Amino acid sequence: MGKGGGCVPSKKRVPLVASDDPPDAETERDGQLPVEKSRTSDAIAAFQDTASPSLGRLKIFIVFYSMYGHVEGLARRMKKGVDEIDGVEGVLFRVPETLSPEVLDQMKAPPIDDEIPVISAADMAAADGILFGFPTRFGCMAAQMKAFFDSTGQLWKEQKLAGKPAGFFVSTGTQGGGQETTAWTAITQLAHHGMLFIPIGYSFGADMFMMDSIRGGSPYGAGVFAGDGSRQPSETELALAEHQGKYMAAIVKKLAQA
């Protein structure tokens, strides 16, 4: 990462939601903000700088725990978004499992893909940015992810993660099950390491406001509703994950150029 704690907003920066038309009467009456009708990339384009000198290939680690595959589905789509930014590569990692094979078998957890390696705490020092994904347990991160964070004491002692951008994506069983609180309560882990929390806000554009279908995710990051486990991520949920990967990669690249 380069020197400097962040990027200075440019006068040429494109607003996240732009329109030359005034809000209509109905919008004003309902107290809602007008939004673009199509998915926007303005927020990502605002962090691009084609005139900047070339950098070495930057790496964003996508570190996740997924028991039934819902978080993994978001992680794979998120990598696609990261890889769309020139000069940035997404790398998938699992955190170590803490449950025995016998317990996982009783919980009917599917076998994992051995092609995705298990990460150690020391590995994270090599990342230029990190996206952490995990399911919720009573509104907080799953124990497997917490155990992994608990193993990062040496990194904390040596300040190896200080200043690195990081974000979250989650899976919950219900709409009120922690799409926001799961990410919100995880911010403490980043704070103690001095990492920079990068939320997506409403940079996904109009799809953040859609109410005609069930959609996980929040301003904190992408998300999926798993229900009883049988529901798989919708295309909108996957598209939000891809957007988050692309958005994060653009910010990491801009910070590296600072």
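The values are calculated or read from the model by the stated rules, or taken from the named source; none is laboratory data. All values derive from a computational prediction rather than experimental measurement. Note that we place each Cβ from the backbone using ideal geometry, even for glycine, and neighbour counts take in every protein chain shown.
Brief remarks on what is shown
- Residue check for V103: in contact (Cβ under 8 Å) with a residue 12 or more places away in the chain and either at negative phi or in contact with a Phe, Trp or Tyr (Cβ under 8 Å, 6 or more places away or on another chain) (or both): no
- Of all residues in the stretch 229-258, exactly one satisfies the criterion of being buried (at least 24 other Cβ atoms within 10 Å of the Cβ) and part of a loop (DSSP other than H, G, I, E, B), namely P233.
- Residue, nearest to G223 (Cα to Cα), within the stretch 83-100, restricted to residues that are in contact (Cβ under 8 Å) with a residue 60 or more places away in the chain and not acidic (D, E): G90
- Near pairs, Cβ below 7 angstrom, 6+ apart or cross-chain, from the stretch 151-164 (farther than 13 Å from D128 by Cβ) to any residue that is loosely packed, with under 14 Cβ neighbours inside 10 Å: L155/A125; W156/H192; Q159/G194; A162/G194
- Filter result (crowded, with 22+ Cβ neighbours inside 10 Å and at positive phi) within the stretch 201-228: G217, G221
- Among the conditions (1) in a loop (DSSP other than H, G, I, E, B); (2) at pLDDT 55 or above; (3) farther than 17 Å from A249 by Cβ; (4) not hydrophobic (A, V, I, L, M, F, W, C), the only one that K11 does not satisfy is (2).
- Taken over the stretch 97-152, the criterion of being surrounded by fewer than 17 Cβ atoms within 10 Å (Cβ to Cβ), under 25 Å from V252 (Cβ atoms) and small (G, A, S) is satisfied by S120, A122, A125, A126, S151.
- Residue satisfying all of: in the stretch 126-166; assigned to a strand (DSSP E or B) and among the aromatic types (F, W, Y); farthest from V71 (Cα to Cα) among these: F132
- Residues that are under 12 Å from the mean Cα position of the chain (by Cα), outside any strand (DSSP E or B) and under 17 Å from K246 (Cα atoms), drawn from the stretch 169-228: I198, P199, I200, G201, G217, P219, Y220, A222
- Of all residues in the stretch 196-236, those that are basic (K, R) and in contact with a helix residue (DSSP H, G or I) (Cβ under 7 Å, 6 or more places away or on another chain) total 1.
- Residue within the stretch 76-88 that is on the phi > 0 side of the Ramachandran plot, surrounded by 15 or more Cβ atoms within 10 Å (Cβ to Cβ) and within 17 Å of the chain's Cα centre (by Cα) present: no
- Note on the stretch 113-131: among residues that are hydrophobic (A, V, I, L, M, F, W, C), touching a residue at least 60 places away in the same chain (Cβ under 8 Å) and touching a helix residue (DSSP H, G or I) at 6+ places or on another chain (Cβ under 7 Å), the one that is nearest to K59 (Cα to Cα) is I130.
Residue-by-condition table, conditions (1) charged (D, E, K, R); (2) at pLDDT 95 or above; (3) not in a loop (DSSP other than H, G, I, E, B):
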site: A75; (1), (2), (3): no, yes, yes
site: M78; (1), (2), (3): no, yes, yes
site: G81; (1), (2), (3): no, yes, yes
site: I85; (1), (2), (3): no, yes, no
site: G90; (1), (2), (3): no, yes, yes
site: L99; (1), (2), (3): no, yes, no
site: P110; (1), (2), (3): no, no, no
site: D114; (1), (2), (3): yes, no, no
site: M124; (1), (2), (3): no, yes, yes
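- For I214, the conditions (1) over 19 Å from E237 (Cβ atoms); (2) of a type in the set (V, I, T); (3) at pLDDT below 85 all hold with the exception of (1).
- Whenever a residue of the stretch 232-254 is closer than 21 Å to G129 by Cβ and at pLDDT 95 or above, its partners that are part of a loop (DSSP other than H, G, I, E, B) and hydroxyl-bearing (S, T, Y), lying with C-beta atoms within less than 7 angstrom and at least six residues away or across chains, give the pairs Y247/S203.
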